[in-house]
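Let me begin by presenting the structure, written as structure tokens, before commenting on it.
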Amino acid sequence: MNIAVCVKQVPDASEVKIDKATGTMVREGVPAILNPFDTYAVEEAICLKEKHGGKVTTVTMGPPQAGDVLKHTVAMGADDVMLISDRAFAGADTWATSYTLGLGLKKLDSLDLVICGKQAIDGDTAQVGPGIAENLGLPFVAYVRKIVDVSNGKMKVERLIEDGYEVVEVSLPAVITVVKEINTPRMPSLKGKMKAKSLEIKPLSAEAIGAEAEKIGLAGSPTKVMKVFSPPPKGNRERIEGTPDEQAARLVEKLKGLKII
Amino acid sequence: MPIIVKVDICVGCEACANECPFGAIKMKDEKAVIGDKCTLCGTCVDICPSFAIEMTDEPRSAPAADLSAYKGVWVFAEQRNNKIVPVACELLGEGRRLADSLGEELSAVLFGTGMDVEAKSLIEAGADRVYQVEDGLLNEFHEDAYADALSQLIKKYKPEIVLAGATSIGRAFVPIVATRVRTGLTADCTALGIDSENKNLLQTRPAFGGNIMATIACPNNRPQMATVRPGVMKRLPADTGRTGEIIKEAPAGPLASRTRLLETIEEAGHKINISEAEIIVSGGRGMGEKGFELLKEIADMLGGVVGATRAAVDSGWMPYPRQIGQTGRTVCPRLYIACGISGAIQHLAGMQSSDMIIAINKDPDAPIFNVADIGIVGDVFEVLPAFARKLKELKG
Amino acid sequence: MDYFLTDTQAEIQNLARQIAREKVKPVRAELDEKEEFPWEIMKVLAQADLFGLYIPEEYGGFGGGAFENCLAVEELSRVCIGVSVSFAASGLGAYPILLFGSEGQKKKYLPQIASGQRLAAFGLTEAGAGSDAGGTRTTAVLDGNEYVINGTKQWITNGGEAEIYTVIAMTNPAKGSRGASAFIVEKGTPGFSFGKKEKKMGIRSSATRELVFENCRIPKENLLSKEGMGFLVAMKTLDKSRPGIGSQAVGLAQGAIDECVEYARERRQFDQPIISFQAIQHMLADMCTQTEAARALVYAVAKFIDSDPKDVSKASAMAKLFASDVAMKVTVDAVQVMGGYGYMREYPVEKMMRDAKILQIYEGTNQIQRNVIGTAIIKEAAGKKK
């Protein structure tokens, strides 16, 4: 199977601290990592390759340093990478990002499957996976928690829904997004790390993928960010003191006041 | 480069560097330098006290079409097993408010056969009109068939605003629609409003797991589309006297899908949809397996459900569908009681927009208290049993 | 301290550290409590290519040496030596094949060991043959094209879990230690079975079992080297592997220091963190100094071994002896620094202290190490020209 995995470089949420005085995020010195949901996508692609043969290519759009997350995927076992990088892509929303990644994916030969993580932990939109499917004109299945079977140009998957899961069959090639439940991502291997170390990544420009200027970057993005702000400060409004019994009693009173009991 | 720092004006105050939500601005020789991480969000332009940062090049995308041709607010009324999901009625409540302030009509879009009673209930919940696409394929969810049906309707009727629930169905197929009709889509909104100047829809959503908020508009494309987090908007009381128009809509051609639903399995742990729960009693690593039995008891008495942190799920005390946080579900119940949860940022991301948060933890400096409305510093194994006893007494 | 590792060595260290932190640390207490073999972790180490560090590339390994292996063992040991011994013991089983195997034997077995697909183990000790290897009672008799093995090996690390065993048996008991030979025996060979898993004081997640041979017939070509070479095979193997025990000791000591420094910064008595007391600082200072000295010696010896010198017995014994004594002392002190908390199973240092003891015992007790060093001193002095 020829599989492409779309990945994103994001700030490491576990390193993000909140400034207690201002209630804003402190982002200085926060390391960039491979989006955690994408690690499941990469793992699943490698598992499929191990089972069915083929090749795994990881693809990202971002600044040149986003090549680091591609190297991480190579250390895990990806065969090839594609970095789509150009100042012209800056400010892309999910529409423009899907379009751009779609053009990059079209340059890969005979793809059987595109896997994306459920969403990125910085934007949390979950819109690029389905957007890519539409750009490629491929069927799409969201929130896959298990790939049951691949045979005869079809794939059987279990997809998470609110109150359980659905077993869905999809014709290949297709695009899917995967959830955490699907696997446990492997550690990088030593040989993979050495391969990643020596890997030279040549970025593809807007021109190289044949992007139309009015569909990429800020200009190509229908949505505009009007304002970014910290959520209104919350918390520490009230503390209930006393013995456990007193605390419990006060809590019950509070909940009565809120008409919850 | 559409964003520049005017070096001669920049006083090196670092205000932009401190406020940049993407950490893209560095100081060099006491001047701000914008790096590659910049997403052109414009925060620095607004914040700069010296007006030294400018967007030099207005976005090039001109209005894609005559925007005034687009009229009306639409709500996608999601159904599962022929039942309208709660968020659809919440959106009709919010949609009513938006439509009234625009002086336009509110319509609902309903998919599937045998849904006449439900169509009527959408009118009662605030819709002026219901577009009902009756096709057997739409009784079940298929990304492509749903996307085809909604795109066709949008192209035909040209609504100004389209809202859908940020459910697993909404978030799976609405992005396909937005991509196809070449318009913007804002995910998982928690507040909507109308810009008084230009009547654009202002869509506010949390990002970075709720640590920053962004207000987003879609000025040059129509419709303006958003998915909205369940439980945030308020539904209107059902008005059985309301009347409206129900339009049965046939798809342009027979709908088809490249996916086939083979089976639907409800799981015990899944039966309760934690994203729609009104009251959640949640536990972390500090609770232990036994502790979760206590939480269940309390949740039952309050009419709520039990949630868990990733650590508790990884320990096998609760199933994955109950996991709340970045790698689990996002919830916003009326009441969230966090028991023995320290408040790792990944957990806060999934619950901090809850209406009322009560935290019980023995560490007074636990980050959970930073988001809690009411904090109780104490041992969960002392406070909770006392709380459970008091609840029992009340119930008699 | 900076030991000026190459980029590759630093990668090995980082990878082993990451696995130790993310995969081993969360489960170490449970593995100890349940005395459960860490198969999941073995799979992770295999996937990460760490089993082949010291095996040449032509046999599917990474082509490093004893030093690279020591770096990985140290990082794993910093978190749990029950896990690291299961990893390192596979190397102990592989060294006889690497050092003395024929090309065919190397081609057959080393790639499987290097990939971690199959674990190896080394069978030397018997009930009556511990420090005195000459007391070996297990025999191997040539019968046509097969050797027939009879006897019981005792306390074999990875016993039952490993699939490839190198075993020492007497082919000519009359010749004493010169009558011993080394053989490769695969799990599943008829007549080869295992005793029950031993209950141990420490390193409880590791598997320790008897290897029982009852008319176990193996092909003649499973003989390593020649008949009569068995003890040489064993001694050369141990020479290579002892710095690995030294690395376990250094890692374990460092892990104990990590835990108790962290604790001493947080624990408050008399209104101040206990680390501000000189009594604690002096204990920590000694613990750190001794551990760093042990590390410097182990690294130096491992690099010395990798230079392929003629005789490494003395240096190798010194590394094992010094580092394991340090690990014992440092872990005892770590428990002391943490006081009552240190004694509780809720904290990891009591396990570290229990685990440390084996380092002074296995692969030759520290008394035997002193004998080895003593013998070497005599030989060196005798060989010197007056």
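Considering only residues of the stretch B:233-259 that are in a loop (DSSP other than H, G, I, E, B) and touching a strand residue (DSSP E or B) at 6+ places or on another chain (Cβ under 6 Å), which is nearest to B:L153 (Cα to Cα)?
B:G244
Considering only residues of the stretch B:188-204 that are in contact with an Asp or Glu (Cβ under 7 Å, 6 or more places away or on another chain) and in contact (Cβ under 8 Å) with a residue 24 or more places away in the chain, which is farthest from A:K215 (Cα to Cα)?
B:L192
Can you tell me how many residues in the stretch A:203-243 are surrounded by fewer than 19 Cβ atoms within 10 Å (Cβ to Cβ) and among the β-branched types (V, I, T)?
Selection size over the stretch A:203-243: 1.
Restrict the check to the stretch B:187-195 and report whether at least one residue is under 21 Å from A:L218 (Cα atoms), within 7 Å of chain A (Cβ to nearest Cβ) and not acidic (D, E).
Yes, there is a match, as at least one residue in the stretch B:187-195 is under 21 Å from A:L218 (Cα atoms), within 7 Å of chain A (Cβ to nearest Cβ) and not acidic (D, E).
Out of the residues in the stretch C:64-104 that are hydrophobic (A, V, I, L, M, F, W, C) and in a loop (DSSP other than H, G, I, E, B), state the one that is surrounded by the most Cβ atoms within 10 Å (Cβ to Cβ).
C:C80
Looking at the stretch B:220-237, can you tell me whether even one residue there is within 7 Å of chain A (Cβ to nearest Cβ), surrounded by 19 or more Cβ atoms within 10 Å (Cβ to Cβ) and among the aliphatic types (A, V, I, L, M)?
no
Pairs needed: first member in the stretch B:155-180, at the interface with another protein chain (Cβ under 9 Å from one of its Cβ atoms); second member anywhere, of a type in the set (S, T, N, Q) and surrounded by fewer than 24 Cβ atoms within 10 Å (Cβ to Cβ); C-beta distance under 6 Å; at least 6 residues apart or different chains.
B:V177/B:S151; B:R180/B:S151
I need the full set of residues from the stretch A:161-200 which are outside any strand (DSSP E or B), of a type in the set (D, E, K, R) and over 28 Å from A:G67 (Cα atoms), in order please.
Correct list: A:E162, A:D163.
So in the stretch B:78-105, with the set limited to residues that are touching a helix residue (DSSP H, G or I) at 6+ places or on another chain (Cβ under 8 Å), away from every other protein chain (no Cβ under 14 Å) and part of a loop (DSSP other than H, G, I, E, B), which one is surrounded by the fewest Cβ atoms within 10 Å (Cβ to Cβ)?
Looking at the filtered set, the residue picked out is B:N82.
Let's see how each residue does on (1) within 27 Å of C:K43 (Cβ to Cβ); (2) surrounded by 21 or more Cβ atoms within 10 Å (Cβ to Cβ); (3) modelled with pLDDT of 95 or more:
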| position | (1), (2), (3) |
| --- | --- |
| C:K106 | yes, no, yes |
| C:P111 | yes, no, yes |
| C:S115 | yes, no, yes |
| C:R118 | yes, no, yes |
| C:G128 | no, no, no |
| C:V141 | no, no, yes |
| C:W155 | yes, no, yes |
| C:I164 | yes, yes, yes |
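For the stretch C:260-278, indicate whether the set of residues that are surrounded by fewer than 15 Cβ atoms within 10 Å (Cβ to Cβ) and basic (K, R) is non-empty.
So far as the stretch C:260-278 goes, yes, one or more of its residues are surrounded by fewer than 15 Cβ atoms within 10 Å (Cβ to Cβ) and basic (K, R).
For every residue, the table says whether it meets (1) surrounded by fewer than 14 Cβ atoms within 10 Å (Cβ to Cβ); (2) touching a Lys or Arg at 6+ places or on another chain (Cβ under 7 Å); (3) of a type in the set (S, T, Y).
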| site | (1), (2), (3) |
| --- | --- |
| B:G244 | no, yes, no |
| B:A252 | yes, no, no |
| B:A256 | yes, no, no |
| B:T264 | no, no, yes |
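For the stretch B:283-326, enumerate the residues that are in a loop (DSSP other than H, G, I, E, B) and either hydrophobic (A, V, I, L, M, F, W, C) or under 25 Å from C:E30 (Cα atoms) (or both).
Scanning the stretch B:283-326 gives B:G284, B:T309, B:S315, B:G316, B:W317, B:M318, B:P319.
Just wondering, is there one or more residues in the stretch B:280-293 that are over 22 Å from B:G378 (Cα atoms), at pLDDT 85 or above, out of contact with any helix residue (DSSP H, G or I) (no Cβ under 7 Å at 6 or more places or on another chain) and not assigned by TED's automatic domain parsing to the domain that holds B:Q152?
No, the stretch B:280-293 contains no residue that is over 22 Å from B:G378 (Cα atoms), at pLDDT 85 or above, out of contact with any helix residue (DSSP H, G or I) (no Cβ under 7 Å at 6 or more places or on another chain) and not assigned by TED's automatic domain parsing to the domain that holds B:Q152.
Hey, any hits in the stretch A:143-160 for a residue that's facing chain B (nearest Cβ under 8 Å), more than 16 Å from A:E44 (Cβ to Cβ) and in a strand (DSSP E or B)?
No - not one qualifying residue is present in the stretch A:143-160.
The values are calculated or read from the model by the stated rules, or taken from the named source; none is laboratory data. The structure presented is a predicted model; accordingly, all values stated were derived computationally and were not measured. With ideal geometry, Cβ positions are generated from the backbone for all residues, glycine too; neighbour counts draw on all protein chains shown.
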